[in-house]
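Reviewing the structure listed below.
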């Protein structure tokens, strides 16, 4: 790219050579000291070479980024394409520093000969919206007589996706409601999970006949199997506030960091098994992804998670949100349960008979944001009281049949899902 304001200008080195050299000649002529001419002669020679190699062409500079989509913790590189740069000898780059952005070299500034270009390595360390490869570029001619720029090259606005841990879940859904999938149904059908051996009926497949039992009893018997169905999973993400400090993908995470990464891992697990996943975010943006399957939907969910910003919903109350959870939908609530509205919404879903699980993303050392003029002692006391209320609320949820588990990795929900699946198969007493 080119900038009309970026032109070749003389450098301070050329001005100093001409000024000091000219002054030395004048003094040598006035005082009659030829030795001064010998002292300033190298400066005059350098000035002459600088003027002799004055650039004639206006260069064009283009910045390129190797990758346009990244997960947090991944890296890419950026390099320059120079055109009409025959008069350029040295290139200087200064990549802008930004939060949660690692550079190599660490300071982001680098100089190199024009005929041996060097790259700058960039790695975003946290999910979200990031500006990558914003930099200033300056070009220097031979003998450092003229400089072009510095030219400001705007960076690329990118959505950095949360990191993924590819782990296939082995837990079965409590109440599968789809047509085909990997979860064992409670009804018989064409599947691979053995159910029972029964007498042959009209319409049974011949390949299901159990000849050993049939020969022993004298009548045809067949093996019945359970159908395999998919399930619907709803992820409810509490982004009303963020607790704790975020240090990037390699350091400590805030409550919102844990929430976003946990939601990405859960969505990847269920979508990898052919299930349908939807996402509802409780935030000012009110992000929502409908029930879909496949890798394209996973990409859509990751992009949605990367755009989450904490805050209260603007146009709707949480009590009025339609979560679109039909019967049998597995509901995973990712929330530190520090909001009474979120807790009430969770209880309503449990009372509807849905299998609901709560994932607790609150770090153990999390603290709330304190205003500069607030009393630190009063704020600490209020936070401890809020944590006591939270503990009582989590115990109440657990006693009502809604398991609450802290997030410890992609395998967090497997045992909980197995328990819910066994509980769903128990006989119920109706009134």
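Throughout, read-outs are computed from the coordinates displayed, never taken from laboratory work. Every value quoted in this text rests on a predicted model; they were computed, and no experiment measured them. Here Cβ is always computed from backbone atoms with ideal geometry, including for glycine, and neighbour counts include all displayed protein chains.
Quick notes on this structure:
- Degrees between helix 255-272 axis and first principal axis of the chain (Cα, 0 to 90, nearest 10): 60 degrees
- Counted over segment 232-424, the DSSP beta bridges are approximately 15% antiparallel.
- Kirkwood-Stokes translational diffusion coefficient of segment 1-160, alpha-carbon pairs, 37 °C, 0.692 mPa s, µm²/s: 183 µm²/s
- Zero-based 20 Å bins, Cα pair distances in the chain, whole percents: 20, 34, 24, 15, 6, 2, 0
- Chain lengthening between residue 380 and residue 322 when straightened (0.36 nm per residue, less Cα-Cα): 17.3 nm
- FRET efficiency, 1/(1 + (r/R0)^6) with R0 45 Å, evaluated for residue 314 and residue 118 via beta carbons: 0.45
- For segment 51-126, convex hull of alpha carbons as volume per residue, Å³: 95 Å³
- Summarising the overall dimensions of segment 1-60 from its C-alpha atoms, the Rg and Dmax are 15.7, 53 angstrom.
- Cα point-scatterer Debye curve for segment 232-424, base-10 log of I(q)/I(0) at q = 0.12 Å⁻¹: -0.58
- Among beta bridges that DSSP assigns inside the chain, antiparallel share in %, nearest 5: 70 percent
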